[in-house]
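Engineer: Sharing a structure below in structure tokens format, with a few things to ask.
The values are calculated or read from the model by the stated rules, or taken from the named source; none is laboratory data. These numbers come from a predicted model, not from an experiment. Reconstructed Cβ throughout: ideal geometry from the backbone, glycine too, with neighbour counts over all protein chains shown. Side chains are part of the model used for accessible areas, which takes the heavy atoms of the whole protein and leaves out ligands, DNA and RNA. Shrake-Rupley method; radii C 1.70, N 1.55, O 1.52, S 1.80 Å.
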Amino acid sequence: MTEEPMRGNRRSFRHLPQNSTNSDVGPPAYQRGWSANIPSCNAQLFGKINLPVSAEIRCVVALAITCVWDSEVVLRGFSRNSFHDLKGCFAKHMTAQEVRLCGLLLQEHFGEVVERIGTHLLRGGAQNLRTIANETNTPLDLVKKSLCVLVQHGACEFGSGRRGPGSPVEYRASCERVLRVLRYPRYIYTAKTLYGDTGELIVEEVLQRGHMTMSNTVKTVADRLTHNMEEGRSMEYSEVVSAFSKLVETHFLQRCPPVAEMGTAATSTTPATPSTPAAPASTSPPTAESNPDCYKLPHVTLIGRGKRRRSSDDSEEQRGGKKAKMDSESCGDEGIYWLVNFERFHQHFRDQAIISAVASKLDQTSSEIVRTMLRMSEVTTTQTAAYTQPLSANEIFRSLPPNYSISRPILDQYLSLLVDDPMEFVGKSGDSGGGMYVVNLQRALANLARATLESVVQERFGSRSARIFRLLLRKRHLEQKQVEDFAMIPAKEAKDMLYTLLSENLVQLQEIPKTPDHAPSRTFYLYTVNQLPTARLLLQHCYKTVANLIERRLFETKENKRLLEKSQRIEAILASLQASGAEPEQLTEVEEMITAPERQQLEALRHHINKLDSTENQVDETVFLLESYIFSTKTKRERGREGGEPGG
Amino acid sequence: MLRKQRVSFSNNAGLKKIQNRNSGTRNKDTVIACWKQQPTHSADMAGGKGRGIAAFSFNIESLGLSRGNMPQTREGPNKLYPDVEFKPVPLKEGEDEDYMLALKQEIRGTMRLLPHNIKPLAGKGDVERYKERYQRQNMLDEEWTPDWQLFPKELMPQKKKLNVKPVGAKKKPIKVSSKEKADVLSKLDELEKKDVKSDEEKEEKKTTEEGEEEEIEGEELEEEELEEENDYIASYFEDGDDFGAGSDENMDEGATY
């Protein structure tokens, strides 16, 4: 090893040659970008092996190749042909926490059977129908039904098997898509704020059913709205249609991707790979975006009004309506199904997060400026862009909302303030047109994630530990002594805090040997914080948190099941009594069937469950932020990899 | 000579002490010196002070520890619920959060009632419970037919008959006529079917498990449909067929197998 002898007080390790033979020098393997290389090496390794499809064997092999990150077991799926190479939602590695959370979500929303099938698919990768039925000991019927439900909601995809078009169909579940279920309330609420009650109901219906045709949605929503209106008024279909079209125009709803026929020529929907007529379905399955008609409304004329449901012959009219639907009313948009475009919602959430961050850091006017910039670049920015298209100050000035009339020099001052801000939300990319400005999306996300990490450390370990954490984030590598000095914390306490953070894996220890034999007395030990792995760690903690919250809620409900049932029965009795016009004495008599302590218990139970539910929603906000950050770095690395190394 | 050689590896300070102490007989010296040297051997490699005292192989100071204040040793596994020093931040409150909370609970409730929610096959009790009737009323759109264009063919429920119609169409005639729910008649029908089915099963060559499951399923579906008023049901569920086998099938199914 060609290194200079240590001199004096040189503490930096820059003098060490970068290409040292010792693999211990430098960041540990699992931080070095190993995770970026995993898909390709996974593909290379598994591509050549024709292992039998036993889940246990797969686990063992996967563990042998991968690293165990913080005692989370990372499970891998196979990657054979390109059907299995799906990027995006069908990520190949899911952690145990993710699978557990997915299982709980599936159970809450779709029942136990779907949960069993779903978790089996998530753990085991792509499998065909018979395997699933045999390994889960479920009758074939139920397996088929569950798979239908999963495919309907987009949580599962099917494709031709490993051995080519002739082999049985294989199904693959998507962890990410199932985790979206946690975010449904947020999507619906956003639709409500943007497009009112009609928009809200449309999105809710489509989310609940997986995917629906436009005519179906319009009718159902009109019926629901009519139900809530006063007597004699009903909702016009045209209003619902206009709300629907607005949602489609702004890309919140999109068409379902057409299904590639299995075994026949792939439909020409993937622009990347030109499909030849003889090619089997080996091109990647078409995503919704690849369909050129993705956002085109079908030409249907829906004329009518919502039907009000009478409570007495409820089921009759429902069945009658359904019968009518099945029989004659084909509105001309059969086969065109719409689903919710989650990515567009995520863009919206991300913009909201950036704007509120700017508002809290600077002031309202700057946040309005950033909001204007983001609004102007909504359609021109791709989902994975690192920054928006450059906008000139003139354009921004013209597009400011009318109630924020600030003068041009003031705008320029604000823009320069934004550019100089250390959070780096806005960057300047040129001087033409009064200055070209971009919103640094990726950097904004990274800064938001960093703020989240710092806030977590602060809330869990106190502000002095947070100071140490921030210090390490900025200064990268520091020795014990330097940490004490820079953070201005007495040695003993600093040591304590560092070790607590170390035991929680928020801080890592990096060894820099001075001699080839790694003698511990002659090695530097530096503390370091890496933002990306720490963000991943916290994300897993969040998943675990939500899973724990759900389990606790289920436990609480189960504990008080008897009481809940009793209260439900009494409510039903009360409702029926009121409908049939009973006297107040009868009502109070029925109400008194629940004693006061029971009422208290019920109240406490309701309070707990509400708190747990609300917490789930709010943890999901953190989950969203961390997920967006991690996803943005993934695309950045892929872009860098593609650009830099043609070999890959 | 031998001793000198060994001595050359050890610390000088240690040797002097030994020499001072063991000024007695030679024999004892060698023995004791040998014994005493061994700790110093390893002590040197352990950093120089040694002689049986706990020594670390690296520089303790660099980690900020010192002899005086070492961290406490662990006495066992961590507590299951460790003490929390800092209380968590209270939840955000506001009408946004309240609305989303209400939405979440509503979604959960509604999705339980949708046909997407697949119930495991519960063994049917011999008497239909009273509450089941009301629970069934709550189910929204009890049946759901996926659009088979978007689904692989193998997920369609298999039919023995030639015309493979989707599930929903089959159910329509049954549903329409099942507006009148006669519980007594339904019970009679089910008992009757059970008899017929048990005959069939003996003749079928399918695995008993699959047959049973489908039979129970068939019964469950029948129950969901709320039987018609006549004793002669238009469609029976054959073993091996899941849903509404041909409506034009007559009831004496014992003959076909």
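Engineer: Which of the residues belonging to segment A:356-375 are surrounded by fewer than 18 Cβ atoms within 10 Å (Cβ to Cβ) and not hydroxyl-bearing (Ser, Thr, Tyr)?
Structural biologist: Across segment A:356-375, the qualifying residues are A:Ala359, A:Lys361, A:Asp363, A:Gln364, A:Arg375.
Engineer: Looking only at segment A:492-523, which residues are in contact with a Phe, Trp or Tyr (Cβ under 9 Å, 6 or more places away or on another chain), within 26 Å of B:Gln72 (Cβ to Cβ), at the interface with another protein chain (Cβ under 10 Å from one of its Cβ atoms) and of a type in the set (A, V, I, L, M, F, W, C)?
Structural biologist: Answer for segment A:492-523, where residues must be in contact with a Phe, Trp or Tyr (Cβ under 9 Å, 6 or more places away or on another chain), within 26 Å of B:Gln72 (Cβ to Cβ), at the interface with another protein chain (Cβ under 10 Å from one of its Cβ atoms) and of a type in the set (A, V, I, L, M, F, W, C): A:Leu498, A:Leu509.
Engineer: Hey, any hits in segment A:520-532 for a residue that's open to solvent by 70 Å² or more (accessible area, probe 1.4 Å) and more than 30 Å from A:Phe631 (Cβ to Cβ)?
Structural biologist: Checked against the condition, which is being open to solvent by 70 Å² or more (accessible area, probe 1.4 Å) and more than 30 Å from A:Phe631 (Cβ to Cβ), segment A:520-532 yields at least one hit.
Engineer: Right, here's the next one. As an exercise: evaluate A:Glu317 against (1) under 30 Å from A:Ser576 (Cβ atoms); (2) modelled with pLDDT of 90 or more and give the number of the one condition it does not meet.
Structural biologist: The single condition A:Glu317 does not satisfy is (2).
Engineer: Which condition does A:Leu105 not pass, out of (1) among the hydrophobic types (A, V, I, L, M, F, W, C); (2) at pLDDT below 90; (3) open to solvent by less than 10 Å² (accessible area, probe 1.4 Å), if it passes all the others?
Structural biologist: So the condition that A:Leu105 fails would be (2).
Engineer: Also, I was wondering about something else. Tell me, yes or no, whether segment A:437-455 has at least one residue that is among the small types (Gly, Ala, Ser), over 30 Å from A:Ile489 (Cβ atoms) and surrounded by fewer than 18 Cβ atoms within 10 Å (Cβ to Cβ).
Structural biologist: No; the residues of segment A:437-455 include none that is among the small types (Gly, Ala, Ser), over 30 Å from A:Ile489 (Cβ atoms) and surrounded by fewer than 18 Cβ atoms within 10 Å (Cβ to Cβ).
Engineer: Which of the residues spanning segment A:419-433 are at pLDDT 85 or above and either more than 18 Å from A:Ala353 (Cα to Cα) or not in a loop (DSSP other than H, G, I, E, B) (or both)?
Structural biologist: Residues satisfying the conditions are A:Val419, A:Asp420, A:Val426, A:Gly427, A:Lys428, A:Ser429, A:Gly430, A:Asp431, A:Ser432.
Engineer: Still on this structure: Residues to consider are A:Pro533, A:Pro597; find the one that is assigned to a helix (DSSP H, G or I) and closer than 30 Å to A:Thr452 by Cα.
Structural biologist: Testing whether each residue is assigned to a helix (DSSP H, G or I) and closer than 30 Å to A:Thr452 by Cα leaves just A:Pro533.
Matching residues to (1) away from every other protein chain (no Cβ under 14 Å); (2) in contact with a Lys or Arg (Cβ under 9 Å, 6 or more places away or on another chain); (3) among the hydrophobic types (A, V, I, L, M, F, W, C):
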site: A:Val419; (1), (2), (3): yes, yes, yes
site: A:Pro422; (1), (2), (3): yes, no, no
site: A:Gly430; (1), (2), (3): yes, no, no
site: A:Tyr437; (1), (2), (3): yes, yes, no
site: A:Asn447; (1), (2), (3): yes, no, no
site: A:Glu479; (1), (2), (3): no, yes, no
site: A:Gln482; (1), (2), (3): no, yes, no
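Engineer: Then there is this: Within segment A:118-126, can one find any residue that is within 12 Å of chain B (Cβ to nearest Cβ) and open to solvent by less than 10 Å² (accessible area, probe 1.4 Å)?
Structural biologist: yes
Engineer: Pick from segment A:563-607 the residues that are within 30 Å of A:Arg552 (Cβ to Cβ) and of a type in the set (Val, Ile, Thr): which of them is most open to solvent (accessible area, probe 1.4 Å)?
Structural biologist: So the residue we want is A:Thr595.
Engineer: Okay, next question. If I ask for residues that are in contact (Cβ under 8 Å) with a residue 40 or more places away in the chain and within 11 Å of another protein chain (Cβ to nearest Cβ), which ones from segment A:127-148 would you list?
Structural biologist: A:Asn128, A:Leu129
Engineer: Considering only residues that are open to solvent by 70 Å² or more (accessible area, probe 1.4 Å) and without any contact (Cβ under 8 Å) to a residue 24 or more places away in the chain, look in segment A:232-249 and name the one that is farthest from the chain's Cα centre (by Cα).
Structural biologist: Going through the qualifying residues, I end up with A:Gly232.
Engineer: Inspect segment A:185-198 for any residue being of a type in the set (Phe, Trp, Tyr), modelled with pLDDT of 85 or more and more than 22 Å from B:Tyr99 (Cβ to Cβ) and give the result as yes or no.
Structural biologist: Scanning segment A:185-198, I find no residue that is of a type in the set (Phe, Trp, Tyr), modelled with pLDDT of 85 or more and more than 22 Å from B:Tyr99 (Cβ to Cβ), so the answer is no.
Engineer: Examine segment A:417-433 for a residue that is open to solvent by less than 60 Å² (accessible area, probe 1.4 Å) and hydroxyl-bearing (Ser, Thr, Tyr), and state whether such a residue exists.
Structural biologist: No.
Engineer: Moving on. Do we have any residue at all in segment A:576-591 that's within 14 Å of chain B (Cβ to nearest Cβ) and over 42 Å from the mean Cα position of the chain (by Cα)?
Structural biologist: yes
Engineer: Here's another thing I want to ask about it. Residues in segment A:127-161 that are open to solvent by 30 Å² or more (accessible area, probe 1.4 Å) and of a type in the set (D, E, K, R): how many?
Structural biologist: Residues flagged as open to solvent by 30 Å² or more (accessible area, probe 1.4 Å) and of a type in the set (D, E, K, R) within segment A:127-161 amount to 4.
Table: residues versus (1) closer than 17 Å to A:Ser416 by Cα; (2) modelled with pLDDT under 80; (3) not polar (S, T, N, Q).
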| residue | (1), (2), (3) |
| --- | --- |
| A:Asp313 | no, yes, yes |
| A:Ser328 | no, yes, no |
| A:Ala359 | yes, no, yes |
| A:Pro390 | yes, no, yes |
